[in-house]
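Computed from the coordinates by the stated procedures, all read-outs in this text should not be read as laboratory data. Keep in mind the model is a prediction, meaning the values are calculated, not measured. Ideal geometry is used to build each Cβ from the backbone, glycine not excepted, and the neighbour counts take in all protein chains shown.
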Amino acid sequence: MHAVLTFLACLAASAAAAVVDTHQRAAAVTGTAGCGQTHWFNGITQYHGLTSGGVDRSYSIHLPSDYNASLPYPLVLGFHGSSSIGFFFEADTGMSESKYSAGKIMVYPNGVGGAWAGANYSEASVPEDLTFVSDLLTEIRANYCIDNSRIYATGLSIGGGFVNTIACSAVGGEFAAFAAGSGSFYTDNTGVDVGCAPARSPLPMLEIHGGADPDVLYAGGQGEGGFEPAIPDWLSWWAQRNQCGGNTTESLFNDDVQHSVWTCAGVEGVLQHWKVDDMKHCWASTTLDFSEIAAGQGPTPIDASTIVMAFFDQFTKP
Ligand SMILES: *[C@@H]1O[C@H](CO)[C@@H](O)[C@H](O)[C@H]1NC(C)=O
Ligand SMILES: *[C@@H]1O[C@H](CO)[C@@H](O)[C@H](O)[C@H]1NC(C)=O
Ligand SMILES: *[C@@H]1O[C@H](CO)[C@@H](O)[C@H](O)[C@H]1NC(C)=O
């Protein structure tokens, strides 16, 4: 029942908000094979099945309400947290609303057993879930008009961890930038060269984490699904992988929030981190969202959906 209500509220919000979508894209971008195909019910999230590795998988997709099949659009994949599905991540983050994703195509994949590969409780293996990402990109490109230089991935908790798993793999080379909220980095928890082979360097990465997260500890340790790295260690590995110098850290909101920015291979802000000292395990939002309620957390001073989209807008795949 809760699921249905959440879904309907979300449909209503996205249909109403998408009317003001604006398009900003490079003039000379070539779209994918899906350009020219007509779609119906644009602005309303729709559910699709997909077979990957012989397994039935699924995702939901939200097109801008004024989707024009002759224009190449940026694509954002949004990965839900554990015991969840794409529709909940969409509702929690509000990212299909045009104030966040104006002119972008949003896709919310569903994990096997409500989770993503990497944890000891995950039902899909890392190769299986990475193949799903690859198959999903193939399907989206074939059916929709996508700007291949502007494909992004974001996620919450184990979904954030899986975004990092993508960034550490060959298929990560298809993406322009990555962003994780309260990420549990089970597959990248040992050191700079262990379990992570990014397809290129630098590879833009952003992470937002609560200093008071009781589930995925900022200081690292045993998590629900295995060992998790200390967030500063994990950032230091990305700083090395991305050829970054030291960070500059700005303290905000009466020292509750620290925003750290690295300049990497000469490009400012390729690696970024937001630490909210008193935040628990959730998707940061200035207006109370579902994961904040579930975490016993009030609204936070920063808004993850705004930060993530602004970060993505800075980067195109070279
Ligand atoms: C779609 O975009 C093309 C290319 O910019 C433009 O010529 C066309 O008028 C647009 N269609 C609509 C319905 O806005
Ligand atoms: C998964 O890892 C956690 C943390 O190490 C551990 O407490 C838990 O027992 C493990 N669960 C399984 C099913 O292995
Ligand atoms: C930023 O750099 C300082 C100095 O090296 C380091 O102590 C700190 O952990 C870094 N901040 C983050 C978030 O990694």
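Brief remarks follow.
- Neighbourhood net charge (12 Å Cβ-Cβ; Lys/Arg +1, Asp/Glu -1) for Gln222: -3
- Check: the stretch 188-318 dipole with +1 on Lys, Arg Cβ and -1 on Asp, Glu Cβ, in debye: 520 debye
- Diffusion coefficient of the stretch 151-290 by Stokes-Einstein, Kirkwood radius over Cα pairs, 10 °C, 1.306 mPa s: 107 µm²/s.
- Summing Lys and Arg as +1 and Asp and Glu as -1 over all other residues whose Cβ lies under 14 Å from the Cβ of Ala294 gives a net charge of -4.
- Paired Rg and Dmax values of the stretch 118-233, which use every Cα atom, in angstrom: 14.2, 43
- About its Cα centre, the chain has a charge dipole of approximately 860 debye under the convention of +1 per Lys or Arg Cβ and -1 per Asp or Glu Cβ, with nothing else charged.
- Approximate spin-label separation Gln222-Asp135, in nm, with each point projected 7 Å along Cα-to-Cβ: 3.5 nm
- FRET E, pair Val194, Val55, Förster distance 35 Å, beta-carbon r, rounded to 0.05: 0.80
- Estimated from helices alone, the mean residue ellipticity of the chain at 222 nm is -8000 deg cm²/dmol (sum of -39500 (n - 2.57) over DSSP H runs with n ≥ 4, per residue).
- For Asn68 and Ser83, the difference between the fully extended length at 0.36 nm per residue and the C-alpha to C-alpha distance is 1.9 nm.
- If R0 equals 25 Å, the separation of the Cβ atoms of Thr38 and Ile293 corresponds to a calculated FRET efficiency of about 0.05.
- If R0 is taken as 30 Å, the Cβ-Cβ distance between Tyr47 and Ala230 corresponds to a FRET efficiency of 0.20.
- With the alpha-carbon atoms of the stretch 218-318 aligned to their principal axes, the span from lowest to highest coordinate is 40, 31, 29 Å, starting with the largest.
- The residue among His281, Thr30, Ser182 whose Cα reaches farthest toward the positive pole of the charge dipole of the chain, with charges on the beta-carbon of Lys, Arg, Asp and Glu, is Thr30.
- Compactness of the chain as Cα Rg over 2.2 N^0.38 Å, two decimals: 0.92
- For Asp255, net neighbour charge (Lys/Arg +1, Asp/Glu -1) across residues whose Cβ lies under 15 Å away: -3
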